[in-house]
1. Are there any pairs with C-beta distances below 6 angstrom linking a residue in segment 106-121 that is under 14 Å from Tyr142 (Cα atoms) to a residue that is among the β-branched types (Val, Ile, Thr) and assigned to a loop (DSSP other than H, G, I, E, B), with the two at least 6 apart or on different chains, and if so which?
2. Residue check, Met121 against (1) assigned to a loop (DSSP other than H, G, I, E, B); (2) in the same structural domain as Thr57 (by TED's automatic domain parsing), all met but one. Which one?
3. Is it true that Ser124 is buried (at least 20 other Cβ atoms within 10 Å of the Cβ) and either in contact (Cβ under 8 Å) with a residue 60 or more places away in the chain or out of contact with any helix residue (DSSP H, G or I) (no Cβ under 6 Å at 6 or more places or on another chain) (or both)?
4. Hey, can you tell me all the residues within segment 1-42 that are part of a loop (DSSP other than H, G, I, E, B), touching a residue at least 12 places away in the same chain (Cβ under 8 Å), over 20 Å from Gln59 (Cα atoms) and not aromatic (Phe, Trp, Tyr)?
5. Among the numbered conditions (1) polar (S, T, N, Q); (2) in contact with a strand residue (DSSP E or B) (Cβ under 8 Å, 6 or more places away or on another chain); (3) modelled with pLDDT of 95 or more, tell me where Ser23 comes up short.
6. Is it the case that segment 249-268 has a residue that's of a type in the set (A, V, I, L, M) and at pLDDT 60 or above?
7. Take segment 92-107 and flag every residue that is part of a loop (DSSP other than H, G, I, E, B) and either surrounded by fewer than 19 Cβ atoms within 10 Å (Cβ to Cβ) or in contact with a Pro (Cβ under 8 Å, 6 or more places away or on another chain) (or both).
8. Check whether at least one residue in segment 80-88 is outside any loop (DSSP other than H, G, I, E, B), out of contact with any Leu (no Cβ under 6 Å at 6 or more places or on another chain) and basic (Lys, Arg), and report yes or no.
Amino acid sequence: MNINSIEEYFEQFPDDIQKINVSIQTPYLPDLSRFYNLTNLNCSYNQLTQLPPLPSTLQYLNCCYNQLTQLPPLPSTLTELVCYKNQLTQLPALPSTLQDLYCSVNQLTHLPNLPSTLTYMHCSENQLIQLPALPSTLEKLYCNNNHLTQLPNLPSTLTHMHCFENQLTQLPNLPSTLQQVDCSKNQLIQLPTLSSTLKWLNCCYNQLTQLPNLPSRLTRLFCENNQLTQLPNLPSTLLRLDCKHNLLPFDHEQNMTNMLEYIIQMRNKTNMIRFKELFYTLKYKSKFRNWLWVHIREPKIRNKYHPDNLIKLLEDRENLTLDELDEFNDNW
């Protein structure tokens, strides 16, 4: 679309419009200053190399999948910035109202100071060598595929952390709120104490020789390609375990029986009892059904339809007519 066409396209919008979606493969955006009430601007999937000055009322900006090398100053009202898949080498100052930041797949080497309102940050696939201090409100952090050698202190609100494919040699203390951690493909030699709320852990492709105690809520554990010689006790909640290519006393690929025996030994006694109950229930299901019929249901049926039982039911019904007797027998 040429410049004249895009100007004509924008002329259709009234001055008080609140939302504009202009994903039409344009290389240019016109002046936006007349839109005094604009809160949402989606200009993703275009061919933009720059943006015009942004309205001071803007709350949501999506400019992903363009060819931007820089962004204009951001309005102080902005709460969500989506600018991934561009060629940005730096970001402007972030407004104090920002809650969600998506700046992955760019060429960023550093980030500006993060506002105290931020809850979600996705800065993966850049060239970051360090992160700024993380705000105490942050809940989800995705900083994978960078050049990080260390992480800042983690806020106590964090629930998801993906820091895989960096150059980390250690992790900071993990907050008690964490539910999901992916620290794979780093250079870790040990892990800190794991959060009791953790459900999903991927620590494969590191240099770990042992794992810390596993939380009782863990359902997924991926620890392959390390130097582990043993596993800690496995929680009864665990649904998936990948531990191949370590120094464990079995070969995952060649000796599945040994691995299963090892896992069962690591299970706690309660879980073993549950497994046995399930196994024998399935194995003897047919026998149990036959036993139930012979010893429970058949005697009850035989008793109900025995002539003696019929006589007992008729004891107080001497005055029944033949028709009533026939109906009684049919119901019986």
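1. Within 6 Å, the pairs are Thr119/Thr137.
2. Only one criterion is unmet by Met121, namely (1).
3. Numbers: buried (at least 20 other Cβ atoms within 10 Å of the Cβ): yes; either in contact (Cβ under 8 Å) with a residue 60 or more places away in the chain or out of contact with any helix residue (DSSP H, G or I) (no Cβ under 6 Å at 6 or more places or on another chain) (or both): yes.
So Ser124 fits the description; yes.
4. Kept after step one, since they are part of a loop (DSSP other than H, G, I, E, B), are these residues of segment 1-42: 1-2, 12-18, 22-39.
From the residues that got through so far, the ones that are touching a residue at least 12 places away in the same chain (Cβ under 8 Å) too are 1, 13, 15-18, 22-39.
Filter once more, keeping what is over 20 Å from Gln59 (Cα atoms): 1, 24-28.
Met1, Ile24, Gln25, Thr26, Pro27, listed by residue number.
5. Result: Ser23 passes all but (3).
6. So the first thing to find is which residues in segment 249-268 are of a type in the set (A, V, I, L, M), and the list is 256, 259-260, 263-264, 266.
Applying the additional criterion that residues be at pLDDT 60 or above yields none.
No: zero hits.
7. Let us first name the residues in segment 92-107 that are part of a loop (DSSP other than H, G, I, E, B), namely 92-99, 103-107.
Correct list: Pro92, Ala93, Leu94, Pro95, Ser96, Thr97, Leu98, Gln99, Gln107.
8. Restricting attention to segment 80-88, the residues satisfying the condition of being outside any loop (DSSP other than H, G, I, E, B) are 80-82.
Next cut, out of contact with any Leu (no Cβ under 6 Å at 6 or more places or on another chain) only: 80, 82.
In the following step, the residues that additionally are basic (Lys, Arg) were identified as none.
Checked segment 80-88: no residue is outside any loop (DSSP other than H, G, I, E, B), out of contact with any Leu (no Cβ under 6 Å at 6 or more places or on another chain) and basic (Lys, Arg).
The values are calculated or read from the model by the stated rules, or taken from the named source; none is laboratory data. This is a predicted model, so every value here is computed, not measured. Because the Cβ atoms are built from the backbone with ideal geometry, glycine has one as well, and the counts that use them run over all protein chains shown.
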